[in-house]
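Report on one structure; see the data block that follows.
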Amino acid sequence: MKMNMRAIYTAILAVAAFSHSAFAVVYPLPANNSRLIGQNLEVDVPPDSKFPLEHFAAQFQMGLSNMLEANPGVDPYLPKPGSKLIVPQQLILPDTPREGIVVNSAEMRLYYYPKGSNTVVVLPIGIGELGKDTPMNWLTTVQRKKAGPTWTPTKAMHAEYEARGESLPDVFPAGPDNPMGLYAMYVGRLFAIHGTNANFGIGLRVSHGCVRLRANDIKYLFDHVAVGTRVQFIDEPVKAAIEPDGTRYLEVHNPLSSTEEQFRSSEPVPISLTPAVSRVLVDQVVNQDLVSQAMQQRTGIPVNITAPSNAPVNTAQNPAQSAPAQPQPVAVPNAQAAAAPTATQSAN
C-alpha cells in the first residue's frame, strides 16, 4: 500500500518536529566487485516517548521516507512508546562511479565519496516537489560555494505564493531564517545543494528543485567538498547487486510520483527496471517469489533474493535474518546529540 506522502507532509507542517542531527554516517567502501554495505539497526522507542518519527530519523541520520518504508504501519506523528523501529543502515551502493557526489532522488539519499579515503558518506535529503523536480540523469559539478547564501525567489515562485494569498520578499537575506540555510553549493544556474531553516522536510518532496539537507550535514559537505567536484543525479528506486560470494540482493524503494494523479492516489506507483537490474533478476539462481515480495513491500532494505523459497524474507519485519558481514558505518560526531533510544545491530 502506497503511503500518502502529501497527508504526512501536511501534518508535519502543523506539528513542530523536534530533531537533533547526531552524526554523519561514514561507511568503509567494499571491494570494487561488491556494493552491499552496512547493517540495519533495531531501536527501542522509550516507554515515555512523546517524539514524532522525524526525531528518530534525525538521530540516526535517516530521512523520514527511509524510516516510513522500513517500518510499515508506524505512526509518523507518534511511534508507539515501547515499540521497536528498524533503522535501515544497510544499503546497496548506486551503480555509478564512486566519485564525488551521487544524488539518488528516488531513495532520497546523497552519497559523497571523499577522494582518497576509501569511504562513502551517506546523507538523507529533501528533494523537489512534484512539478518542481530535482534534476534526474544529470552530470554536473560543484560550480561555486557560498557561506551565508541569499535567496531570490523567481517570478514563478512569487506567482505561486500570490495565488495562495501569501507574499515573498524580493530577496531573503543571509542568516538563520533563510530557507536555504547557512551554506549552499551551487551545481547549476538554478539548482543548489543547501541547508534549511526548518526542522522537517528531510526525506520528503518539499523544495523547489534543490537538494535540501539538515544544517549539520550541509556544513559537513561545505567543509569537505571542493569546487569542481563531480556531481551525478540519478533516479533509481530499485537497486540490485551480485556480491562476490554469488549472493544476489535487491533493494526496492517507492518510485517518485510523476503525475498529480499518482501523487494523490493510494495505489503504488508502477516500478520500471533498468537493464542492469533486469539482468540480475532474470538470473536462474534468483528466487522470483522473493523478488515479488520485495517489489510489493518496498521497504528500502536489501533483500537476499537467492534464499530458498521457504526462507524468511530479509525485510523490516524480520530484522534478524543472517547475512554475510558487511562494511559497517562509523558515527562521526558533527552535532550535540539528543538522548538516543537503545540501538542494537541486526544481521541484515
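Points to keep in mind about this one:
- Top-ranked residue of segment 261-288 - restricted to ones that are more than 23 Å from the chain's Cα centre (by Cα) and either in the same structural domain as LEU93 (by TED's automatic domain parsing) or over 22 Å from LEU93 (Cβ atoms) (or both), ranked as modelled with the lowest pLDDT: GLU261
- Taking segment 150-166 as the range and being touching a Leu at 6+ places or on another chain (Cβ under 8 Å) and under 16 Å from HIS194 (Cα atoms) as the test, only PRO153 passes.
- Residue in segment 195-205 that is assigned to a strand (DSSP E or B), assigned by TED's automatic domain parsing to the domain that holds VAL122 and not charged (D, E, K, R) present: no
- Verdict on THR247 being in contact (Cβ under 8 Å) with a residue 60 or more places away in the chain, polar (S, T, N, Q) and in the same structural domain as ILE37 (by TED's automatic domain parsing): no
- Meets criteria (basic (Lys, Arg) and out of contact with any strand residue (DSSP E or B) (no Cβ under 9 Å at 6 or more places or on another chain)) for LYS155: yes
- Identity of the residue in segment 155-195, β-branched (Val, Ile, Thr) and either buried (at least 17 other Cβ atoms within 10 Å of the Cβ) or in contact (Cβ under 8 Å) with a residue 40 or more places away in the chain (or both), that ends up farthest from GLY228 (Cα to Cα): ILE193
- Cβ separations smaller than 6 Å between residues 6+ apart or across chains give the following pairs from segment 275-296 residues that are free of Cβ contacts under 8 Å to residues at least 60 places away in the same chain to residues that are part of a loop (DSSP other than H, G, I, E, B) and loosely packed, with under 11 Cβ neighbours inside 10 Å: ASN287/SER309; ASP289/SER309.
- Hits in segment 194-233 (condition: at pLDDT below 95, of a type in the set (A, V, I, L, M) and closer than 26 Å to LEU36 by Cβ): ILE202, VAL211, LEU213
- Residues in segment 231-260 that are within 22 Å of the chain's Cα centre (by Cα) and of a type in the set (S, T, N, Q): GLN232, ASN254, SER257, SER258, THR259.
- For segment 214-230, a residue qualifies if it is over 30 Å from HIS55 (Cα atoms) and either within 21 Å of the chain's Cα centre (by Cα) or among the polar types (S, T, N, Q) (or both), and the qualifying residues are THR229, ARG230.
So that you can scan it fast, the table gives a plain yes or no per residue for (1) in a loop (DSSP other than H, G, I, E, B); (2) at pLDDT 95 or above; (3) over 19 Å from VAL211 (Cα atoms):
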site: LYS2; (1), (2), (3): yes, no, yes
site: ALA16; (1), (2), (3): yes, no, yes
site: ALA24; (1), (2), (3): no, no, no
site: ALA31; (1), (2), (3): yes, yes, yes
site: ALA58; (1), (2), (3): no, no, no
site: GLU69; (1), (2), (3): no, yes, yes
site: ASP75; (1), (2), (3): yes, yes, yes
site: PRO79; (1), (2), (3): yes, yes, yes
site: PRO94; (1), (2), (3): yes, yes, no
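The values are calculated or read from the model by the stated rules, or taken from the named source; none is laboratory data. Note that the coordinates shown come from a computational prediction; the quantities given were computed from them, not determined experimentally. Note that each Cβ is placed from the backbone with ideal geometry, even for glycine, and that neighbours are counted across all protein chains shown.
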